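The values are calculated or read from the model by the stated rules, or taken from the named source; none is laboratory data. If you're wondering where the values come from, they're calculated on a predicted model, not measured in any experiment. Quick reminder, even Gly has a Cβ in these numbers, built from the backbone with ideal geometry, and neighbours come from all protein chains shown. Heads up: the accessible areas ignore ligands, DNA and RNA and are worked out on the full protein's heavy atoms, side chains in. Shrake-Rupley method; radii C 1.70, N 1.55, O 1.52, S 1.80 Å.
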Amino acid sequence: KTMIAKRIPSILPDMTFEESLEVTKIHSISGALPENSPLITVRPFRHPHHTISSVGLSGGGTHPKPGEISLSHNGVLFLDEVAEFPPKVLDCLRQPLEDGTVSISRVRGTVAYPASFMLICAMNPCPCGRYGQPELKCTCTKAQIDRYMHRISGPLLDRIDLQVELPTVPVKDLKNRAKAESSASIKKRVDAARARQRERYAEFGIPCNAKLTPGLIRDICQKQMTADADNLLTGVFEKGFLSMRSYDKLIRIAQTVADLEGSDSIEKKHISRILLSRMEIILK
């Protein structure tokens, strides 16, 4: 899981000049700007330890400085073993994930820092890490597993768009020396998808699907959905498996999957791919 997360920056689109300026300003204010790099051109990748405080994550101090959330602006914030983070610290993520900014209030005033980042979290299924693995015996009690999973609040989980369960890799696969697709090849598809999005939303002044408002999702994305895709999505929500907060998110993700495939419409297979991983976790 950690290896996958650390490779994400290698497939993200290159930063624009405006994005580089924003990132550089934030790192300069926090005193984290490298002396030999007056302009940051590589997307940030922040990986704080689970012992970090709320102030360290969201920012603060007598003279408020950006925290890890803002230092991840236009980049990636990776929380490994996320269930080990104190719930109070994790809840600091809820407002920035919704608004794209962090507001810090102190006696001397209020400061707002930008915080538009990709959040990646990784965790084990239980304290011993073996729950659900057929070839391994879990030593945790049901109470321990429930307590461990409940350290992450429902509202925060709702704000995480993609939730995927990764099974244990068999030994025979570890010995497989066949080369997988390179990051450079994947990045070409990502760049092509981003180009489609910039063209689609040019008149609205937004660069990608992540910036879509609920209104634009209905005016643009839903109109590109096939009838089968719309019926599948509607049926899942009518049965109450997912919260209504997830509705727009799922359409936005399906639109991204369609863009990666070069499709002009959101088809049933695009919706199915997103729902499959989410429903597997919910039904467990």
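Quick check, is Lys223 open to solvent by 20 Å² or more (accessible area, probe 1.4 Å), modelled with pLDDT under 95 and either touching a Gly at 6+ places or on another chain (Cβ under 9 Å) or within 27 Å of Pro167 (Cα to Cα) (or both)?
Answer is no for this residue.
Among the hydrophobic types (A, V, I, L, M, F, W, C) and in contact with an Asp or Glu (Cβ under 9 Å, 6 or more places away or on another chain): is that true of Cys121 in this structure?
yes
Taking region 71-90 only, how many residues are under 23 Å from Arg106 (Cα atoms) and under 15 Å from the mean Cα position of the chain (by Cα)?
3
Would you pick out the residues in region 176-202 that are loosely packed, with under 13 Cβ neighbours inside 10 Å and more than 17 Å from Gln255 (Cβ to Cβ)?
Those that are loosely packed, with under 13 Cβ neighbours inside 10 Å and more than 17 Å from Gln255 (Cβ to Cβ): Asn176, Arg177, Ala178, Lys179, Ala180, Glu181, Ser182, Ala184, Ser185, Lys188.
Going residue by residue through region 92-106, is there one that turns out to be farther than 28 Å from Thr256 by Cβ and in contact with a Gly (Cβ under 7 Å, 6 or more places away or on another chain)?
Yes, region 92-106 has at least one match.
Does region 246-266 include one or more residues that are modelled with pLDDT under 85, under 22 Å from the mean Cα position of the chain (by Cα) and farther than 22 Å from Lys187 by Cβ?
Checked region 246-266: at least one residue is modelled with pLDDT under 85, under 22 Å from the mean Cα position of the chain (by Cα) and farther than 22 Å from Lys187 by Cβ.
Can you tell which of Lys172, Lys142 is of a type in the set (Lys, Arg) and under 26 Å from Pro86 (Cα atoms)?
Answer to the selection: Lys142.
Residues being in contact (Cβ under 8 Å) with a residue 40 or more places away in the chain and of a type in the set (Asp, Glu): count how many of those fall in region 17-42.
2
For region 62-114, which strands (runs of 3 or more DSSP E) that fit wholly inside it have 1 or more residues that are more than 24 Å from Ile4 (Cα to Cα)?
Hits in region 62-114: 101-106, 109-114.
Pairs needed: first member in region 231-252, closer than 17 Å to Glu98 by Cβ and in a helix (DSSP H, G or I); second member anywhere, open to solvent by 30 Å² or more (accessible area, probe 1.4 Å) and among the hydrophobic types (A, V, I, L, M, F, W, C); C-beta distance under 8 Å; at least 6 residues apart or different chains.
From region 231-252, the pairs are Arg252/Ala210.
Of the conditions (1) open to solvent by less than 60 Å² (accessible area, probe 1.4 Å); (2) touching a residue at least 24 places away in the same chain (Cβ under 8 Å); (3) at negative phi; (4) not aromatic (Phe, Trp, Tyr), Arg94 satisfies every one except a single condition; which number is it?
(1)
Say whether the condition of being in a helix (DSSP H, G or I) and over 21 Å from Ile4 (Cα atoms) is met by at least one residue in region 181-193.
For region 181-193, residues in a helix (DSSP H, G or I) and over 21 Å from Ile4 (Cα atoms): present.
Name the residues in region 163-175 that are open to solvent by less than 70 Å² (accessible area, probe 1.4 Å) and within 24 Å of the chain's Cα centre (by Cα), would you?
Listed by number, the residues that qualify are Gln163, Thr168.
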